[in-house]
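Colleague: Quick one: the structure is below, and I'll ask about it shortly.
The values are calculated or read from the model by the stated rules, or taken from the named source; none is laboratory data. This one's a predicted model, so the numbers in the text were calculated from it and none came from an experiment. Here the Cβ positions follow ideal geometry from the backbone for every residue, glycine too, while neighbour counts run over all protein chains shown. Calculation scope for accessible area: heavy atoms of the full protein, side chains included, ligands and nucleic acids excluded. Shrake-Rupley method; radii C 1.70, N 1.55, O 1.52, S 1.80 Å.
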Amino acid sequence: MAGLAAALALAPSFDRVLLLEADTPQDCWQGSAADVAQAPGQPRRGVSQYRFMHALLARGATELEALCPGYLAQLQAAGANMTDYYQDLRFGTPAGPFARVTQSSQPLPIVQASRHLLEHTLRRFVQQHPKVTVMYGAAAAGLVFEGGDSSRRVVGVQLAGGGEVRGDLVVAAAGRRVKLPGWLQAGGWPAAPVTSVSANTAYTTWFLRMPPEVEASLPYSGVYHSPSPPECLAGAYLQRDEAGLWMVCGISFDRQAPQPSLEAALSWMKQAVYSDEVHGLVSQGTPVSPVQMLGALNNKWSHYEQVPPPPGLVVLGDAYCSLNPTYAQGITVAAIQARLLGQLLAQRIAAAEHAHVAAVAAAADASASSSSSSSAASLGTDNSSASSAAAAGRGEVAARRAAVAAAVSGLNGEFYAAAAGVVGAAWGFAAGRDMLYPFAQLQGESRTLQWRLMQGYVSAIFKVAAVDSETAEAVGRAMNMTAEPSVLFRPSIAAKGVVEHSRLHLPQVPGFTEHGECQHLLILLAIGTGVQSFASSIAHDDQPRASLEVCNSSGRLPGQQHLP
């Protein structure tokens with residue numbers, strides 16, 4: 001999804017965009033999600049999560065619609081479930097389901113659909129774009145560098161089958177399994193520091209069809225009982241996708257996933273998940289696909305905002321930062337990055353061209369001033385006029401290439417300054433929550449005092465959301481990335497969070513007691529530092545598309561309807 005979105009975002013700035021796709025098209029790509037689920041082998045070797053649960057959050061839907069107008073309408077025409085986060089979904093916690101938000105300040109429209117439908121629809125836009133060419137079966141094997149130590153830059157990609165492809169800009173969006181760090185080191189470029197949080201998350205999933213009478217009786221199109229660290233290591237999701245299909249997903253941590261069989265999965269769900277709701281519904285359905293299991297869904301952030309890639313190379317999507325997919329923010333983060341990249345590059349090219357025009361005008365003025373002192377004149381011929389026009393055309397092409405080169409050379413610093421904010425906001429939820437599990441393995445992260453207080457506060461907010469609609473609405477906006485996470489620290493919400501936090505066990509911190517005024521002081525300090533750290537992780541409004549904002553006036557997707 002990141003590569004497809006990036007191709008569409010960059011096409012306006014280049015004469016040609018070449019998308020290298022390591023996979024080759026399979027027959028099931030033209031079929032339904034059920035066809036993909038039942039197909040033997042791996043239908044998308046480069047996307048291990050292709051058969052597993054997906055959803056397109058409100059912010060992601062807005063970003064992709066802006067990149068390719070009509071995307072959401074085509075999803076709807078293909079049967080995608082266009083729902084409202086507040087009205088049509090049910091979110092469960094050990095403290096009870098989130099309070100129902102009956103009058104939200106703005107709807108949160110999301111798309112429930114299979115990964116196959118989301119990607120296949122976007123791929124059609126890419127294949128139909130006149131500037132984009134897709135090369136299937138083209139696996140990258142390395143990078144092509146030019147220049148010395150001080151001017152080293154990436155100018156292309158080595159292909160696994162031999163040969164290379166060169167271009168003005170290389171975008172790496174090859175997902176979680178990208179081999180980019182080794183390629184950079186092979187080219188003499190320093191490795192970016194890596195932060196990772198591994199709680200050994202696994203998905204167990206399958207498609208089913210619900211009996212018509214059961215489906216008609218449901219007041220929602222999705223029910224999500226999420227794991228709740230540190231006590232609850234299991235969760236269960238059920239959502240309606242396209243064409244009458246429902247997808248069930250069991251989420252486990254610490255290598256506690258069941259065997260990939262229907263009997264084992266149902267038994268595990270009955271015993272391990274704190275709520276019996278999903279199990280009760282799933283037990284009434286008819287499976288239409290094998291049970292699939294996918295593990296190692298961990299969090300990894302390669303900090304290219306600290307050590308940027310060489311000029312000529314941009315890394316985005318899961319290749320930049322991969323997240324535990326429990327919070328469904330991966331596609332949204334990738335879409336924000338892709339659109340941000342396209343906008344920044346277009347702005348930088350326009351600025352470089354403006355500077356060139358200004359320089360040419362200044363030179364022309366100087367030349368005119370110099371020639372005005374001479375009374376000599378000459379009469380041009382047709383041939384000289386044609387030569388001048390041809391020279392002018394070549395000059396415009398050269399100027400355009402120079403503008404692109406200038407824009408690309410300084411792109412990384414500006415892009416990652418903005419993109420890191422968006423990544424940081426999602427990381428705070430996904431990795432930050434996973435760190436609450438004592439068995440989670442950390443690299444480059446630590447359970448600091450600020451983290452302990454912050455996650456304690458977030459846990460309290462989730463509990464408050466079970467009984468308070470204002471808090472539930474704020475959680476929804478933060479999770480959908482239509483608002484900065486600091487929305488959770490509004491005074492009216494923070495007051496409720498502090499009260500609930502005082503009832504929770506505060507992790508032991510040397511030098512502080514668990515009870516009394518000191519604890520409350522620490523909680524209040526956490527709120528203050530939390531607002532600052534979360535807000536600073538989101539780029540400022542003057543960096544295009546980096547701030548977390550609602551991007552449409554109605555807040556509703558085309559054709560969206562509330563369930564009865």
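Colleague: Quick one: in the range 197-227, which of the residues that are part of a strand (DSSP E or B) and more than 17 Å from Tyr327 (Cα to Cα) is most open to solvent (accessible area, probe 1.4 Å)?
Modeller: It comes out as Arg209.
Results for (1) within 21 Å of Trp427 (Cα to Cα); (2) at pLDDT below 90, shown as yes or no for each residue.
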site: Trp451; (1), (2): yes, yes
site: Val458; (1), (2): yes, yes
site: Val464; (1), (2): no, no
site: Arg477; (1), (2): yes, no
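Colleague: So the check is Cβ under 7 Å with 6+ separation or different chains; which pairs have a first residue in the range 484-501 that's polar (S, T, N, Q) and a second one that's surrounded by fewer than 22 Cβ atoms within 10 Å (Cβ to Cβ)?
Modeller: These pairs meet every condition: Ser486/Val531; Ser486/Phe534; Ser486/Ala535; Ser492/Glu470.
Colleague: With the condition kept exactly as written, say whether any residue in the range 111-128 is assigned to a loop (DSSP other than H, G, I, E, B), at positive phi and modelled with pLDDT under 95.
Modeller: no
Colleague: Within the range 65-91, work out how many residues are out of contact with any Cys (no Cβ under 8 Å at 6 or more places or on another chain), more than 14 Å from Asn480 (Cβ to Cβ), in contact (Cβ under 8 Å) with a residue 40 or more places away in the chain and hydrophobic (A, V, I, L, M, F, W, C).
Modeller: Result for the range 65-91: 8.
Colleague: Considering only residues that are hydroxyl-bearing (Ser, Thr, Tyr) and assigned to a helix (DSSP H, G or I), look in the range 464-496 and name the one that is farthest from the chain's Cα centre (by Cα).
Modeller: Ser492
Colleague: Residue check: is Phe98 touching a residue at least 24 places away in the same chain (Cβ under 8 Å) and in a loop (DSSP other than H, G, I, E, B)?
Modeller: So Phe98 fits the description; yes.
Colleague: Further, regarding this structure: Could you list, in sequence order, the residues of the range 210-237 that are closer than 28 Å to Tyr457 by Cα and of a type outside the set (Ser, Thr, Tyr)?
Modeller: Gly222, Val223, His225, Pro227, Pro229, Pro230, Glu231, Cys232, Leu233, Ala234, Gly235, Ala236 - these are the residues of the range 210-237 that are closer than 28 Å to Tyr457 by Cα and of a type outside the set (Ser, Thr, Tyr).
Colleague: While we're here: Based on what the data block shows, is Val499 part of a helix (DSSP H, G or I), of a type outside the set (Phe, Trp, Tyr), surrounded by 20 or more Cβ atoms within 10 Å (Cβ to Cβ) and at pLDDT below 90?
Modeller: No, not satisfied.
Residue-wise test of (1) part of a loop (DSSP other than H, G, I, E, B); (2) in contact with a His (Cβ under 8 Å, 6 or more places away or on another chain).
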position: Leu143; (1), (2): no, no
position: Ser151; (1), (2): yes, no
position: Val171; (1), (2): no, no
position: Gln185; (1), (2): no, no
position: Ala192; (1), (2): yes, yes
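Colleague: State yes or no: is Arg176 more than 29 Å from Arg401 (Cβ to Cβ) and in contact with a strand residue (DSSP E or B) (Cβ under 6 Å, 6 or more places away or on another chain)?
Modeller: Criteria met by Arg176.
Colleague: Give the range 145-178 a look and list any residue that's under 19 Å from Glu21 (Cα atoms), at pLDDT 90 or above and open to solvent by 40 Å² or more (accessible area, probe 1.4 Å), or say none.
Modeller: Gln158, Ala160, Gly162, Gly163, Glu164, Arg166, Asp168, Val171
Colleague: Search the range 444-457 for residues that are touching a residue at least 24 places away in the same chain (Cβ under 8 Å) and pair each with any residue that is polar (S, T, N, Q) and not in a helix (DSSP H, G or I) when their beta-carbon atoms are under 8 Å apart and the residues are at least 6 apart or on different chains.
Modeller: Gly444/Thr195; Gly444/Ser196; Glu445/Thr195; Glu445/Ser196
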